[in-house]
Amino acid sequence: MKEMSVVKLSIITAVCLALCVVLPQAFHAIPGAGSIYLPMHIPVLLCGLICGWKFGLLCGIAGPALSTLFTGMPPVPVLPAMMVELAVYGLVSGLMMQIIRTKKVYVDLYASLLIAMMSGRIVAGIVRALIFSRGNISMATWATSYFVTSLPGIIIQIVLIPSIVYALMKARLIPMRYPHAEG
Amino acid sequence: MNRLPTGTYLPGDSIIHRLDSRIKLLILLITVVAILLVNALIGYGIMVVFIATTILLSRISLSTALNSVSNLYWFFLVIFLMNTAFYSPEDAWVSFWIFTPSLMGMMQGIDVVLRVCLVLVITNVITSATAPLEITKALENLILPLKYIGIPAEQIAMILSIAIQFIPTLSEETDMIRKAQMARGARFDSPKLTEKAKAVLPMVIPIFFTAFKRADELSIAMEARGYRSAAGRTKKKFTPLQFQDYSALAIVILVGILQIIIR
């Protein structure tokens, strides 16, 4: 993939950060949508996949913090656990895109995305069990809150995120990952 | 007419508006910590009085200050019911399937909802009384010391400041796209989850495209003007803190200390 300049990477990260505040607000117009559709996860995962682990990590840490500062959501007691979860999404998705190179964009994207989504949930469960909700979280609660309640959000992420990245490449808003292979 | 979105800046000349933005961010941070420390009724009383006084001093109307809370009644109801139904199975009034409602759970539910409400209101008041540019500058200023431990604080500050300036623009565009999709028959309020999900997809994709197009245009414009890195750029200096800034900070620290003593 042709490298993007630091300025462009920074601006894309800034836009993803702004979307971490704006998207949940748009989803809150739909009753109960925040915890089901996980709107804040989408920009963070996108940022990691497009801009790399450093910018993904920043987006994952600063996104929920900015949203709390501007809208009060997520509430402060939930914020640290969410920051850890989203930071892992941004970090791992970026790292995986750097490591996985199969010459097929969709395979790279799906593999990186799924590994990031899984790692984020596992790390979030561990930090909640050990630090933020010590003694108040069981395996069943973890599975329910991270997989069952948010199943529509998980499906939306799996369907949407690789397609958005590919469409952005096609629209030349970000460089093609394998320019020669895809003409 | 639409209500103002939560946290929208409302220009004014109140004492809260005139406070230094760095102090306002610190006040917000300390107040939130104080709210988290509350574990007695008197503690809640102190926080309610403190926040009510802040609203009065900011000259922001009560309805605007409570805007963020009234938008989220569903969220509060769910939190309250979940706590009531699951929090304390050993003190349950009755046990039905997986539900174990109890008085302890109900009190816990009220406690959580009250805390979240207080945090939302104070956040709304402070952000409504501070211009986004001021928040940006204050954030920049507060994270700058990170550069001494090797973190690119200037670049992070630049990213944060651009992100904050993008929020109102993207918010307006998102609202426009949502309304356009509703006009085309998107059913966000449908009771069926599949219909809701189908409505969400055509809303999210244009939002991302618009946002990335803006990012592309801005990066081209910045690079064309010779921008390469945030490090080493000059910026406007903050004016020294005034007596009112120190007083406000002292009061909020006092409130925090009171909460620690009450615990």
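Any read-out appearing in this document is the output of simple, stated calculations on the displayed coordinates, not a laboratory observation. Everything numeric in this text was worked out from a predicted model, so none of it was measured. Virtual Cβ from ideal backbone geometry, glycine too; neighbours counted across all protein chains shown.
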- request: Round to the nearest 0.05 the FRET efficiency obtained for residue B:257 and residue B:147 when R0 = 22 Å and r is the Cβ-Cβ distance.
  value: 0.10
Residue B:131 paired with residue A:126, simple spin-label distance in nm, labels 7 Å along Cα-to-beta-carbon: 4.6
field: Over chain A, relative contact order from alpha-carbon pairs under 8 Å, at least 6 apart, %
entry: 24
- prompt: Against the longest alpha carbon principal axis of chain A, how many degrees, from 0 to 90 and to the nearest 10, is the axis of helix A:79-99 turned?
  reply: 20
field: Share of Cα-Cα pairs in the range A:87-165 lying beyond 17 Å, as whole percent
entry: 51
- prompt: At residue B:250 and residue A:98, where each label point lies 7 Å from the Cα along Cα→Cβ, what is the point-to-point distance in nanometres?
  reply: 5.0
- line: The Rg/Rh figure for the protein assembly as shown, Cα atoms and Kirkwood Rh, to two decimals is 0.97
message: Given points 7 Å out from each Cα along the Cα-Cβ axis, report the residue B:104 to residue A:149 separation in nanometres with one decimal.
response: 2.1
- prompt: Over the Cα atoms of chain B, what is the Rg over Rh ratio if Rh follows Kirkwood?
  reply: 1.03
statement: Per its Cα gyration tensor (rounded if a/c is under 1.5, else prolate when a/b beats b/c, else oblate), the range B:119-263 is best filed as oblate
query: Hey, which lysines would be in cross-link range of residue B:147, C-alpha to C-alpha under 22 Å, not counting anything within fewer than 8 residues on its own chain?
result: A:8, A:54, B:137, B:235, B:236, B:237
task: For residue B:24, go through the aspartates and glutamates and keep the ones whose alpha-carbon is under 16 Å away, minus same-chain ones fewer than eight residues off.
output: B:13, B:134, B:140, B:245
- request: Return the aspartates and glutamates within reach of residue B:198: Cα separation strictly under 16 angstrom, same-chain partners fewer than 8 residues apart disregarded; answer none if there are no such residues.
  value: B:189
- prompt: With helices defined as uninterrupted DSSP H runs, which ones in chain B have an alpha carbon span along their own long axis of at least 30 Å and mean Kyte-Doolittle hydropathy of at least -0.5?
  reply: B:103-128, B:153-183, B:193-224
